[in-house]
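Throughout, read-outs are computed from the coordinates displayed, never taken from laboratory work. Computed from a predicted structure; not experimentally measured. Ideal geometry is used to build each Cβ from the backbone, glycine not excepted, and the neighbour counts take in all protein chains shown.
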Amino acid sequence: MVFAMFADVEELKRRALEDLERHGLQYALNTLRYNFPPFLSADELVRLEVWLMDEFLQRKDVRVEEWRDDDLEGVRDFLGNQAIPYDVRLRVYRALLDFYSRGRNSVSMIIKDLRRDSPAWRIVKGLIILMENFELFAEVKRPEELVFPTIEPPEPRPKDELLDEVVSVVEGSKQAILLGPPGTGKTHLAMWAAHKLTNGGSKGCWVLVQFHRSYRYDDFIERVVLKPHGRSIELVIEPQIFVRLCRYAQQHPERSVVLVIDEINRADVASVFGELIYAIEYRGYPVKLTYSKEDLVVPENLYIIATANDIERGTFDIGVALRRRFEVIRIDASEEALRELLTHENAEEDVINTAVEIFNRVNDLFKRSIGKKGIGHLFFRGVKDKETLIRVWRFRIKPLIEAYFMIPGVMAREVQQLIRNIETRLNELR
């Protein structure tokens with residue numbers, strides 16, 4: 001090839017078209033690249049390459065059987081060039097699919113005229129098998145582009161023993177649920193576990209989503225939306241957070257990708273996960289998505305850490321489906337954790353003792369009623385003195401008790417007596 005610096009873009013295009021006819025697409029692409037004027041931008045070069053591909057497809061009319069070796073090299077070069085917009089490369093790919101669709105029927109007819117088990121018959125039979133699977137294995141996929149914010153979990157860091165236990169379980173089973181009453185720091189622990197699994201973000205990434213009553217498959221897996229297309233409207237299937245994370249994890253197998261799902265049992269999990277409730281158990285096996293009909297694999301380097309509140313009314317039960325597929329780690333209310341929290345807050349000693357007394361009395365009430373504790377130490381966050389303890393009691397704990405237990409009957413009278421006793425105890429504080 002003779003390299004010449006073209007000062008005029010039109011002259012360069014003329015030369016590229018001549019090389020396209022004489023030598024082929026790859027040669028013509030190189031003509032553009034090696035003779036491209038230095039005063040033009042890289043984007044201008046991309047536009048010229050797209051123009052040349054359009055010219056090639058128009059002149060060859062996607063008659064693949066007439067392509068020269070240099071043409072094939074040029075098409076492979078073009079499809080693999082990440083600087084070319086995805087939609088343009090997809091258009092070229094679909095032109096190849098069009099030839100494949102027409103050629104499949106022709107090849108099927110040829111095999112009928114061949115002697116069975118002859119070398120030609122075996123070759124053509126193999127080509128038919130290859131063509132039947134072409135759409136599955138030769139698809140041009142849009143690269144998953146996710147931007148993960150750098151998230152630092154809130155202080156304080158959980159105890160290493162507890163954190164290591166959660167990380168170990170998640171690494172082994174790929175998915176786990178932190179289960180316990182509200183205020184025990186489940187979300188806080190889940191974020192720190194994700195932070196550790198990704199080595200602070202240097203070896204992976206993590207994101208947090210929160211489930212709620214109206215959370216559905218369309219919010220988590222994929223959804224169908226209407227979008228304008230010229231003068232008409234078209235249906236577009238958009239992948240949602242879980243599908244995008246799976247694809248990102250597949251494209252980056254060296255990285256750990258962690259999804260933290262807060263309050264997983266607030267949503268109808270079977271409805272949210274759909275067919276992927278199976279896929280998270282059988283990693284590596286493809287599952288066909290409902291809307292797009294594409295196969296999706298949940299990769300080995302995608303981890304799920306969920307939290308679930310097991311005492312709040314109005315939430316869905318965890319159910320057998322989740323218990324089979326998630327390891328359950330119990331995070332219970334702890335008097336020791338409460339004392340550590342209040343000591344860290346520099347609370348007064350008599351305030352700490354009174355807070356612990358309220359904590360134990362309320363949890364005893366829950367245990368007698370539902371068989372398990374009902375509040376964690378974080379209900380007392382911010383308590384430093386008598387005034388802040390009274391505020392926490394009045395606006396956090398007392399309304400919870402009244403909402404949960406104040407129904408007509410023996411329990412209501414017991415709750416009323418407990419409230420009077422606690423308020424008397426608070427008034428006794430200096």
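Figures for the structure shown
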read-out	value
Cut-off under 5 Å, modelled amide H: who pairs with ALA306 long-range	ALA176, ILE177, LEU178, ILE261
Where GluC sites (Glu not before Pro) fall in DSSP loop in the range 243-303, at most 13 other Cβ within 10 Å	GLU254, GLU275, GLU300
Whole-Å distance, taken between Cα centres, linking the range 246-300 and the range 13-58	43
Extension gain from ARG76 to ILE123, taking 0.36 nm per residue of separation minus the Cα-Cα distance	14.5 nm
Per-residue Cβ neighbour rank within 10 angstrom, fewest leading, THR354, THR307, THR150, THR388	THR150, THR388, THR354, THR307
Filter on LYS174/LYS293; LYS186/LYS372; LYS174/LYS373; LYS174/LYS288; LYS186/LYS373 - keep pairs with C-alpha separation over 18 Å	LYS174/LYS293; LYS174/LYS373; LYS174/LYS288
Share antiparallel - DSSP beta bridges, the range 160-330, percent rounded to 5	30
All aspartates and glutamates inside 15 Å of LYS196 as judged from Cα atoms, apart from same-chain residues fewer than 8 positions distant	GLU152, GLU155, ASP160, GLU161, ASP164, GLU165, GLU171
